[in-house]
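Take a look at the structure set out below.
The values are calculated or read from the model by the stated rules, or taken from the named source; none is laboratory data. Here the structure is a predicted model, which is why all the values come from computation and not from measurement. Quick reminder, even Gly has a Cβ in these numbers, built from the backbone with ideal geometry, and neighbours come from all protein chains shown. The protein model used for the area step is the full one, side chains on, heavy atoms only, and it has no ligands, DNA or RNA in it. Shrake-Rupley method; radii C 1.70, N 1.55, O 1.52, S 1.80 Å.
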Amino acid sequence: MDEAHVLERLRALAIETPSWGYGNSGTRFHVYPWPGAARDVRERIADAALVHRLTCCCPTVAVHIPWDAVDDYAELRAFAEEDGIRIGGINMNLFGEDDYRLGSLCHPDPAVRGAAVRHCLECVEIAKEVDSPLVSLWLPDGTNYPGQDDLGDRHSRLVAGLEEVYAALPPGMRLLVEYKFFEPGFYSTDLPDWGTAALVCRRLGPQAQVLVDTGHHPQGTNIEQIVALLLAEGLLGGFHFNNRKYGDDDLIVGSIDPFELFRIMREIALGDSARVAFMIDQSHNVEGKIDAMIQSVMNIQTAYAKALLVDEEGLAERQQAGDVLGAHRVLLEAFETDVRPLLGRLRGALGVDPDPVEAFRLGGYAARLAEERGTATVESAYETT
Ligand code: RM4
Ligand code: MN
Ligand code: MN
């Protein structure tokens, strides 16, 4: 692909950042408050808007309900738009209530399942109010011990609950279904993998698609193959980008395995990804929030730029000829290309600094935010888990 086309594709890449990545977060052992970290939904949106100003690549912010709940969503939408961004995916929370001890949509008690469905329906209403085309569901349901519940029944309850939610989607709105192989359940998880999520989405209909959180697979999983297959089946709804080493680590995207990120972005570059939502889902435990988010955005752009540079013709020839190493070297050639000058030109044309992380770090933003906001006391539930 020539440079003009690569730049055009890069310009079209919009990455959504998560409101929950801007507040204090930690591990189950401790939360270390970060000076100037966002303390409420408006500050979280303001930080996402700053990331967009510095990158010109992050025009929407995902919210999590009820963490970001407000009385007036029209007002929240206007607040975001005045700051230059829009509210994107509405993430449902089915793990934050005492009643969910044995699950939410899969709970044995129909009353609890009903409450979980009502929460999802409320999120659909919020999406309508803020004019977002996406609601996003990560289901924490699962069991801890063999015999705790009937696995088949749990699946039936899940499908029945999601059918109610699906029926409430207005035309054009999509339900993204996220999977994760373990946690908080340690014996079984009701949506453990992409295949289960895909089956559920197929049952629901075309407005339901799978969300791939890159941190939600067992060690060694070939994520790019999952991406390729979901794209081919029209079932890839979006990503939660982050990186992992051991568990659901939520580390900076591409920080542990940039080659994996490149391989994922190559499948994106090849397929029809026009409707794929590129979202980041990460939380920062020991580093700053905003510059780490920008680093993730830059790493995605870097991987995508390299993916777009793959000599596809040369690769196809070598694949046809059975030249295994030759084909592999075509990928390496692209991966090893220094795309910083290219991305510098992209950012120059967009009117932002060639290195937005440095622009943040040298721009006095962190000091100003620390001065304005101080070092918050950790209050909300997700900050203490
Ligand atoms: C889950 C999953 C969800 C996120 C929650 C907080 O592990 O990644 O997307 O909303 O964590
Ligand atoms: Mn996620
Ligand atoms: Mn996760």
What's the number of the only condition in (1) among the polar types (S, T, N, Q); (2) over 17 Å from the mean Cα position of the chain (by Cα); (3) within 13 Å of ligand 1 (Cβ to nearest atom) that N242 fails to meet?
(2)
So, first residue closer than 24 Å to R174 by Cα and open to solvent by 20 Å² or more (accessible area, probe 1.4 Å) in the range 91-111, second residue in a helix (DSSP H, G or I) and not acidic (D, E), Cβ within less than 7 Å, six or more apart or across chains; the pairs are G96/A381
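Please go through the range 119-159 and give me each residue that is of a type in the set (A, V, I, L, M), in contact (Cβ under 8 Å) with a residue 40 or more places away in the chain and not in a loop (DSSP other than H, G, I, E, B), ordered by number.
Narrowing the range 119-159 to residues of a type in the set (A, V, I, L, M): 121, 124, 126-127, 130, 134-135, 137, 139, 151, 158-159.
The next check asks that each one be in contact (Cβ under 8 Å) with a residue 40 or more places away in the chain; those that pass are 121, 124, 126-127, 130, 134-135, 137, 139, 158-159.
Listed by number, the residues that qualify are L121, V124, I126, A127, V130, L134, V135, L137, L158, V159.
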Looking only at the range 268-289, how many residues end up being in a loop (DSSP other than H, G, I, E, B) and hydrophobic (A, V, I, L, M, F, W, C)?
3
Which numbered condition C123 misses (of (1) closer than 20 Å to R202 by Cβ; (2) open to solvent by less than 50 Å² (accessible area, probe 1.4 Å)):
(1)
Among the residues of the range 252-288, count how many are within 16 Å of the chain's Cα centre (by Cα), away from ligand 1 (no atom under 16 Å from the Cβ) and under 20 Å from E358 (Cβ atoms).
2
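If you scan the range 272-282, which residues turn out to be buried (at least 16 other Cβ atoms within 10 Å of the Cβ) and either within 15 Å of ligand 3 (Cβ to nearest atom) or more than 16 Å from T60 (Cβ to Cβ) (or both)?
Scanning the range 272-282 gives S273, M279, I280, D281, Q282.
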Residues that are at pLDDT 95 or above and under 28 Å from T189 (Cα atoms): does the range 74-89 have at least one?
yes
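Identify, from the list R347, R361, R318, R266, the residue that is basic (K, R), out of contact with any Ser or Thr (no Cβ under 9 Å at 6 or more places or on another chain) and crowded, with 20+ Cβ neighbours inside 10 Å. Don't jump to the end; show me each part of the working.
On the way: R347 fails: out of contact with any Ser or Thr (no Cβ under 9 Å at 6 or more places or on another chain); R361 fails: crowded, with 20+ Cβ neighbours inside 10 Å; R318 fails: crowded, with 20+ Cβ neighbours inside 10 Å.
Residue meeting the stated conditions: R266.
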May I ask you to say which residue of A198, A307, A292 is in a helix (DSSP H, G or I), at pLDDT 95 or above and within 27 Å of D2 (Cβ to Cβ)?
A307
Filter the range 221-267 down to residues that are in a strand (DSSP E or B) and in contact with a Leu (Cβ under 9 Å, 6 or more places away or on another chain) and give me whichever is nearest to ligand 2 (Cβ to nearest atom).
H240
